[in-house]
Structure formats: C-alpha cells, structure tokens
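> This is the structure, below, for whatever I ask next.
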Amino acid sequence: MISPVNKRPIIDGKLNDLIWQKIKPISDFVQYAPNNGAEPTEKTYAYVAYDENNLYVAFHCFDSHPERIVADITPRNEYENNDQVGIILDTYNDHRNYYWFGVNPCGIQNNTYDRQIRDTIWESAARITSDGWTAEIAIPFKSLHFSKDYEQKWSINFSRTIQYKNELLFWTIIGRQDRFLDKCGFLLGLRGIKGGHNLEVFPFAVGRYSGSLNVTEKKESFGLDLKYSPFSNTTFHASVSPDYSEVVADPFFINLTPYEYHLQENRPFFQEEAQIFKTPIQVFYSRRIQNPILALKMTGKVGSYTTGCLLARDNENFVSNTNYGIFRLQKDVLKNSQVGTILAYANQGNVKNTNIGIDGTFWLKKIWSIWGQYVRAGWSNMDRARSAYQLSISRQATEGIIFGIWYTNVDPEFNMKTGYIRQKDKIETILMSGYQWQWNHGMIRSFGINDVFRLGKNHTNIEAEKSHTFSLKSLWFNHLEVMLGYSTGKSRLQVYRGNELLWDENFLRSDYFFFTLNSSSGGFVDGGVTCYTGKRPVYLENYTKTSLGRFGDFSLSLTLKPRHNLEIATNVNYQHQSLLLTNETLFKGWTSSFTLKLQFTKNLFARAIFYTYTEGDKYRTDILLGCYFRAGSVFYLSYRDLREGVDRNFSRTNYTLFAKFSYLWRL
C-alpha cells in the first residue's frame, strides 16, 4: 500500500529527498538465479511513491565490490549484460502483458512493453557510490495504459541484476516452473491518478543527398507523427510521410532456398504495440509495408477486450500504391488465457487479398499451454478461399519435463499479401520431449536432454520429411551455454515447376551434427560460435532440381568492450555446399559485419558498420552520428555507401548522405 506525496523528488540519482527518508523500503529480495530461492549476496532497497501525475521508484543497491559493477554508456535501450534495476508493471492486473522500466548504474534507460522496445517519455538518473549504486525513476502515468477506475490495482515486481556475479534478484519468489507474471506482488493505494488526454506531436525534417552510378539527387522532406490518448486505455497513432533512414539497414544474408527470407522489423511505428497484432500464423507481416505514405493505428483495452486497428497506404517499391488494413480483437478468458480474431486485407489495383483468422491461447496449471489458430485467405481473382491452421500443446519450463506437440496444415494454394508463410502444401507434426536439470552450485548450473521428431507430408500424401534430432544443452559458470546435437532422417525439397513450388520426386537422406557455444558474462569479451556440418538435400539449377550434398554452416560473433563507452563487434557467417558424389562445389561464400559504437556522452554517440558479402562482391558502409535529447527528440547525421567489386574495382553503385531532426512535444 502506497500513499501520495505532495512534493515530487528531484530525479538526480541521489536518495537525499525527504520522501525517501519517510518511506519504508522494500528489502526482502530473493534470488531467481543462480541459486533459485536463496538469499541475495548483496542487499537491495526499493522505494515507491506517487502523485497524481507520476509513479516514483528509487533503488539503493549495496555492493561489497563497487569497483566490479558493470555499467556501459550506450544509446537508450542498447546496453546488454550490465548491472541494472527494473520495475515490472502489469497495469491491468491480468497476467498477460507488462511494462518494463530498467536503468543501469550510468543512468541509461531500457524500456519495453511485452518484450518489445518502447520509446516513451520517462525520467531516470543513477550514480555509483562507495557502497554500491543508487537510482531514481519517474514514470508519467501518461506513458502507461490502465483502466479508467478511480482506484487502481496493479501487479508489480522489482528486479536487480548483479552482472559480475551473474545474479538475478526479484522482490517475489519465482520458481523455475512458475509463470513470471503469476508471481508478481500488488501495487495498492493508487487513487485519482491522471492518465489519458495525452497528445504527442512529433514533427521531423530530413535532408538527403544521394547518388546512383551517374545520377545524383537532392531532396528535402517533412513528416509528422501524432499520438493521442483520449483515455488511459486508448491510443491513436498517425504517421505522415515517415522516414526511417536512421534505422539500421538489413544486413547481408545468405539464402540457399527458394523461400522468402524473414526480415526483422526495426521501424518504431510498427514495433510499438506489435504484440497486439501477433498471431501463431503470421497474418500480419509489417515488412510487407515497404514505403508507407500514411499509416494510422489505434490500440486499446476496455474491460476484458483488447482491440487494434492499423491502416496504411504503401508506395510499394516506389511504383504502385497498396492499401492495407489490419483489425484485431482479443478477449481475456479464464485466469490468464485469451481468444481472438484478426482480419487483414491488402488492395492493389483490382486485386484484393482478404484474410481472416481465429486463435486462442490457454494456460493450464502454470506452465502447460494449448494454442491454435485457423486462417482463411481469399483473393478476388481466385474461385475460393484457402486455409491454414496450427495446433499445439506444450509444457514450457526451465526445470523438469519438457514436452510439446505441434501440428501444422497449410493448403497448397494458401497465400497472404498481408502476412508471411514460409512453405505451402504442408502437413507437419512435431513431437518434442526432454528433461532439464538445474543446480544452484558448481561449474555446471543446468543440463538438458532434448529429442525432436518431425513427420511431414503434402496434401496428396507424398512423404516430405521424417527426421529425428537429439541434442544436449548445458550452462557452465552461469554464463557459458554449450549445445551439441545430431539430426538424422530423410526429407524432400520443393522445387520450381514453372512459377510454382512443388515437391520434388527425390526423397533424400539427411545426417548432420551441430554445435553452439555462447558466452554472456558482460566482461571485456563475449561471443559465440555455431557450426552445422554433414549431408542433406541441396538445390541445383536455380531451385529446379535436388541432389544429395555435403554442407557446412559456420557462424562467429565476437563483442569486445575495452571501455564502458566503446563497443567493437564482428559477426561472420560462412556457408558451403557441394555434391556428395562428385564433390563439385555448388556454393561457397560468407557475409560479415564489423561494428564500432562510441558513446561520447549519455546523449551523443557514433556508430559505424561495415558489411561484406562475397557473393557478388558487395560491400556496404553505414556511418551514423546521433544526438539524443530525450524520447523521440534526436538529431542524426548519416552516410551510407554501397560498392560492388566487379573485376575487383569496388566501384560505388549507391550512396546517401542525410540529416534528420525530430522533436517530441507532449501536450
């Protein structure tokens, strides 16, 4: 139970404000890892207060070795493997979604909603002291969604990470077989708080100078983002002529299949509230909207109903316009389960694609879940709609029995303009079983055995896959993950027959080993290695034939942190394929990226990324200088350069120099 305060604290990282001295701290934290349920090795105090506009939280993190505290100066939301404190807020107390507000000892913020990065306005400050470190946080209620009730009841938890000990603490006891949100405490006493009636105006200006071969272009553009929350549980978001030039470009990748490569969404408008439109079968794949001219979004929750609507007009490939509409409705049922429906359409000229689906997720006895979805996809130029559906039951735990069954059925002509589906004409059953052991002491902290059986066919009962994969996974010293596995079986690939992908007549043997090693200590060096090698079916002649081949897939990632404000990282992926009988090389190539991040101050940073792709001898350089004032208020200056090494002359084929300024007003 918390009480309101008359005077807000000064958010400077010092705990010398009068309100903190009057409040009884929360101090009974418990280890989640490495020793689940044990007393923490260091003491932590948390304080909570509020007024009608903000929630205030302070932490005093005692540390017997403050010189070993891990704290990096990075751009907002980008620090990893650091000491940090955090607040978890389930503002609807429905055990389904939550806000996370975290801060490291340098005062760098980390903010997510349902594990998706969320760039919103809030204040924080932190400082390292002789006995550890302290932090203060102020979260405006306008930055949260919650019910319109006068008296609120929220679920809340507090966390602390002591990185050099790999120790994770929570205020409440959370067992390894518990659902995280089911074990939160309650925040009581919030009365008459002011949310809603929030207007955010976010104008931006962009200047661009670009060139391609012998053609150059100068262009200035202006755009506007608007967010309006008439109530604390509803938000309208509009984006006019958005520009995402500052977003990290898609890396080079190797794709040795005829299937579309699934790309990550990095654009803020589509990242925010993305979880509302997420379904097991991806009916809405936001990367389909390539160059939006106008985008509108409404999200909200009323009682047990969550709603979402997204409309966009896309200048696809800068050639023709496509209109998109996504409508989502979910209802909370039982204790922490949901049922929902989604409608998605795309209209380009005289061709219209309409997709409708129903889905549900049901949690049983903490960690058992059942989920499923059924989707119908129709096109204006097709005689009837086609369907796809999935069903699963699984036991998701970090200790004990691991079990799951997944069933997927996709019609041969199923297709969605709005969504993503990798393979069609597929009926697949996956059975997974295993066991996970956890220990609180010793070099080995966890060990797991996992067994996966896959059985697939098409809709004419042609066998497509029969495989068995066995793996062993262990955690050493609480930060070093090692996995070793072997897969064996037979599989059939889909090949082009004209413009269609059909199952090939060859049903070929597959046997390969795999190995992964990943370190996440947060120290001077971290990284990982992944390796797959063996034999499997490979493609020939532009995906029109298949044969049995040998393959290797090797990936290396390495991150160095010589200083708390400097990060150097590299990622390399090497792949090769050859025919098994003749040893003829079919493909040999690699991609790589080299990244340098330098944080001059908390607000000023520079980033340089150099990409290489040996297939076609492509090289790209991205350089970005940024100044971050607060959430949404930034200045960027960037240069991008693409070169191709035809005859090893490395001629520049495309370059762009741009500057962007944006500022966020909250009214």
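> Between L256 and I462, what FRET efficiency comes out of the Förster formula 1/(1 + (r/R0)^6) with R0 = 25 Å and r the beta carbon distance, rounded to 0.05?
In this case the efficiency is close to 0.65.
> Here's something else I'd like to know. Relative contact order, percent, of the chain when contacts are C-alpha pairs under 8 Å separated by at least 6 residues?
10
> What translational diffusion coefficient, to the nearest whole µm²/s, does the stretch 581-664 have by Stokes-Einstein, given a Kirkwood radius computed over alpha-carbon pairs, a temperature of 20 °C and 1.002 mPa s viscosity?
So the translational diffusion coefficient is about 141 µm²/s.
> Under the rule a/c < 1.5 gives rounded, and otherwise a/b versus b/c splits prolate from oblate, where does the chain land using the Cα gyration tensor?
rounded
> Let me ask you something else. In straight Cα distance, which lysines are under 27 Å from K466, not counting same-chain residues fewer than 8 positions off?
Excluding near neighbours in sequence, the set is K424, K426, K457, K490, K535, K545.
> In whole angstrom, and with the biggest value first, how far do the Cα coordinates of the stretch 239-285 range along each principal axis?
37, 29, 14
> Per residue of the stretch 227-241, in order, report the coupling 6.51 cos²θ - 1.76 cosθ + 1.60 (Karplus, θ = phi - 60°) as ³J(HN,Hα) in whole Hz, putting x for Gly and Pro.
Computed from phi, the couplings for the stretch 227-241 are 10, 9, 10, x, 9, 5, 10, 9, 9, 10, 9, 10, 10, 10, 6 Hz.
> Mind checking the per residue accessible area of the chain for me, 1.4 Å probe, whole number of Å²?
The answer is 47 Å² per residue.
> If the cut-off is 22 Å between C-alpha atoms, which lysines fall inside it for K602, apart from same-chain ones fewer than 8 positions away?
Cross-link targets: K14, K561, K660.
> Using heavy-atom solvent-accessible surface (probe 1.4 Å) with all chains present, what is the largest-first order of I462, I427, I87, I568?
Descending order: I462, I568, I427, I87.
> Further question: Could you pull out the trypsin sites (Lys or Arg not before Pro) across the stretch 110-158 that fall in loop regions by DSSP (anything but H, G, I, E, B) with no more than 13 other Cβ atoms inside 10 Å?
R115, K148
> Pulled fully out, how much extra length does the chain show between N499 and E151, if you take 0.36 nm times their separation in residues and subtract their Cα-Cα distance?
So the chain would gain 119.2 nm between N499 and E151.
> Okay, next question. Starting from the Cα of K148, draw a straight line to each of the lysines and keep only those under 20 Å, dropping any in the same chain fewer than 8 residues away.
K194, K227, K301, K331
The values are calculated or read from the model by the stated rules, or taken from the named source; none is laboratory data. Note that this is a predicted model, so its numbers are computed, not measured. Every residue, glycine among them, receives a Cβ derived from its backbone with ideal geometry; neighbour counts consider all protein chains shown. For the accessible areas, the whole protein counts, side chains as well, though only heavy atoms, and no ligand, DNA or RNA atoms are used. Shrake-Rupley method; radii C 1.70, N 1.55, O 1.52, S 1.80 Å.
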